[in-house]
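Working notes, beginning with the structure itself.
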Amino acid sequence: MKKFYTASKSTFEVGGREFPRISWWKEPGMRGLYVALMFAVLTSATNGYDGSMMNGLQALPQWTESFNDPSAGTRGLLNAIMSVGSIVALPVTPYIADILGRRAGVVIGCLIMIVGVILQSIGYNIQMFIAARFLIGFGVAIAHGAAPLLITELVHPQHRAIFTTVYNSTWYFGSIVAAWLTYGTFQIQSSWAWRIPSMVQAAPSVIQLIAIWLVPESPRFLIAKGKSEKALKILANCHARGNVDDELVQIEFREIHETIKLEQEFESNGWPELFKTPGNRRRLIILVSLGFFSQWSGNGLVSYYMSDVLERAGVLDQKLRLEINGILNIINFVTALTMCFFIDKFGRRPLFLFATGGMLGSFCAWTVCAAQFVKTGVTSAGYAEIFFIFLYYVFYNSAWSGLLVGYAVEILPYRLRAKGLTVMFLAVDLALFFNTYVNPVALDHLDWKYYIVYDCWLFVELCVVYFFYIETSNTPLEEIVKYFDGETAVLGGDMATEKSRQFLVEDGTNTQKVVPGTEAHGVSPSPEIPSSHGEKTAI
């Protein structure tokens with residue numbers, strides 16, 4: 001029987017050396033880590049749940065009655081206020097992750113989200129509902145700014161692409177639960193029809209608060225805080241059954257430790273650093289475009305206003321709209337999850353080009369069908385429009401759902417990782433605020449003609465991806481800097497660049513030492529770490 005998935009090659013590379021690929025479920029430490037991580041990184045599911053829940057609530061007459069049939073502008077504010085909460089939280093988000101730790105960021109974010117969900121579920125009036133959604137957005141931003149970093153910095157190099165893309169794909173898991181839950185509560189003839197889905201929104205955060213304590217802290221964060229021995233033990237437990245003498249662990253640790261220490265001594269980590277070098281400016285273009293394109297590609301129309309779009313396609317039955325919403329989310333989840341296993345095989349750049357080109361073609365067809373339905377009223381045109389909505393999302397989920405976070409995190413060096421991810425999420429939240437507040441108003445005034453705006457914008461997206469996006473497949477996390485910065489990149493370990501070698505040289509053994517004359521800068525030799533045999537291993 002042919003395997004569902006085969007790797008692009010039988011080995012993976014770290015520090016210029018090839019290692020045989022492993023099966024994670026056969027490794028005790030890795031197996032436990034990955035199971036715990038799957039529960040601990042449901043932040044994206046909370047976001048997905050919210051979008052689908054709001055879609056469902058707006059189709060419930062019980063919800064509209066509870067809040068006196070909100071106008072298009074009020075509904076736009078209800079959805080947009082969550083993005084406002086996220087934007088307000090962003091200035092503190094990277095500092096929580098960098099100073100308190102990746103796990104602390106997840107915990108703080110989850111606690112704030114739970115408070116917001118409680119207030120939203122009580123929801124005596126529209127003002128209280130809006131305030132609660134602001135808090136949920138605030139908490140989501142903090143957790144979102146830490147959870148992807150924890151995943152990326154903990155998982156085995158072989159599995160980084162799969163796991164980081166799975167993270168953002170859980171958006172659809174939350175979306176599916178919300179879509180079918182609101183479908184189920186549709187029959188309840190009271191405010192509990194919308195209060196129950198609202199209360200369940202706290203579930204991912206509650207699960208995270210329990211599971212996060214089963215997940216170790218990021219070894220890169222620990223090294224940055226001077227806890228190198230603890231970081232080595234975590235790497236060994238997670239990647240080599242606890243063997244600190246394992247060759248892969250030794251190479252990984254040396255590369256991570258030297259790179260972070262060189263960054264701390266010779267590189268700035270302030271916000272202006274994102275603009276200073278050609279490599280960082282390219283990263284910034286990618287980060288900003290990732291954020292805006294992931295939300296400004298027309299998907300915002302369906303994510304929050306599916307009911308309005310389907311009504312314009314001739315679907316007038318509210319129950320049928322909920323069914324379509326639920327089915328679409330299942331297809332989205334299956335597509336996004338499947339593509340996670342082909343990220344390294346097909347490559348980031350080809351997938352982005354394939355997805356964006358497909359989105360452009362299907363959205364143009366979607367626009368034509370919408371126009372024909374409005375002009376002629378022919379039912380088949382409405383059915384065709386729904387088909388192209390589904391096709392559009394198949395293309396979208398080939399890259400933009402999973403790679404949004406995974407690609408953003410991996411192109412950034414450690415010193416800028418939290419801040420760069422914050423910039424990407426700022427772009428996401430700004431785009432979401434525009435989409436959620438403007439889309440219902442624009443649809444009311446322009447109808448199908450509003451779709452033409454997205455047709456033109458998708459072409460712009462395709463051009464940006466073609467000219468700026470860089471391939472990073474099958475490359476260890478620290479070594480990706482070479483694609484952006486070349487030999488000026490700060491990279492330690494066995495693959496150290498020329499810029500790094502001017503500070504560190506090898507003396508014929510495995511010991512790194514300071515180049516004469518650099519002591520004044522404060523660069524110290526790499527530390528000795530206890531081996532499993534009680535001896536000292538020079539790193």
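The values are calculated or read from the model by the stated rules, or taken from the named source; none is laboratory data. Treat the numbers as computed from the prediction; the structure is a model and nothing was measured. Reconstructed Cβ throughout: ideal geometry from the backbone, glycine too, with neighbour counts over all protein chains shown. Just the protein is used for accessible areas: all its heavy atoms, side chains included, with ligands, DNA and RNA removed. Shrake-Rupley method; radii C 1.70, N 1.55, O 1.52, S 1.80 Å.
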(request) Would you check if Trp25 is at negative phi, among the aromatic types (Phe, Trp, Tyr), at pLDDT 85 or above and not in a strand (DSSP E or B)? (result) yes
(request) Tell me, yes or no, whether segment 281-290 has at least one residue that is under 26 Å from the mean Cα position of the chain (by Cα), surrounded by fewer than 17 Cβ atoms within 10 Å (Cβ to Cβ) and farther than 18 Å from Asp429 by Cβ. (result) yes
(request) With respect to Ile136, determine if the residue is assigned to a helix (DSSP H, G or I) and crowded, with 24+ Cβ neighbours inside 10 Å. (result) yes
(request) Check Phe293, Phe266 and return the single one that is surrounded by 16 or more Cβ atoms within 10 Å (Cβ to Cβ), at pLDDT 90 or above and among the aromatic types (Phe, Trp, Tyr). (result) Phe293
(request) Please state which of the following conditions Trp271 fails to meet, knowing it meets all the rest: (1) over 30 Å from Arg21 (Cβ atoms); (2) of a type outside the set (Gly, Ala, Ser); (3) part of a helix (DSSP H, G or I). (result) (3)
(request) Exactly one condition in (1) without any contact (Cβ under 8 Å) to a residue 60 or more places away in the chain; (2) of a type in the set (Ser, Thr, Tyr); (3) in contact with a helix residue (DSSP H, G or I) (Cβ under 6 Å, 6 or more places away or on another chain); (4) over 30 Å from Phe163 (Cβ atoms) is not met by Ser362; state its number. (result) (4)
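Count, please, the residues in segment 118-133 that happen to be over 13 Å from Ser83 (Cβ atoms), open to solvent by 10 Å² or more (accessible area, probe 1.4 Å) and part of a helix (DSSP H, G or I).
If we filter segment 118-133 for residues that are over 13 Å from Ser83 (Cβ atoms), which is where we start, we get 118-129, 131-132.
From the residues that got through so far, the ones that are open to solvent by 10 Å² or more (accessible area, probe 1.4 Å) too are 118-119, 121-122, 124-128, 131.
If we keep only those that are part of a helix (DSSP H, G or I) too, we end up with 118-119, 121-122, 126-128, 131.
Count: 8.
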(request) Please find, among Ile108, Ile114, the residue that is of a type in the set (Val, Ile, Thr) and either under 25 Å from Ala179 (Cβ atoms) or assigned to a loop (DSSP other than H, G, I, E, B) (or both). (result) Ile114
(message) What pairs come out if I take residues in segment 196-214 that are open to solvent by 20 Å² or more (accessible area, probe 1.4 Å) and pair them with residues that are among the aliphatic types (A, V, I, L, M) and not in a helix (DSSP H, G or I) whose C-beta lies under 7 Å away, six or more apart or interchain?
(response) Ile207/Leu42
(request) All but one of (1) closer than 25 Å to Gln295 by Cα; (2) open to solvent by 10 Å² or more (accessible area, probe 1.4 Å); (3) part of a helix (DSSP H, G or I); (4) not hydroxyl-bearing (Ser, Thr, Tyr) hold for Pro70, so report the exception by its number. (result) (3)
(request) Under 6 Å between Cβ atoms, at least 6 apart or on separate chains: pull out the pairs that start in segment 132-149 with a residue that is without any contact (Cβ under 8 Å) to a residue 40 or more places away in the chain and assigned by the TED database to the domain that holds Ser86 and end on any residue that is among the aliphatic types (A, V, I, L, M) and open to solvent by 10 Å² or more (accessible area, probe 1.4 Å). (result) Ala132/Leu119
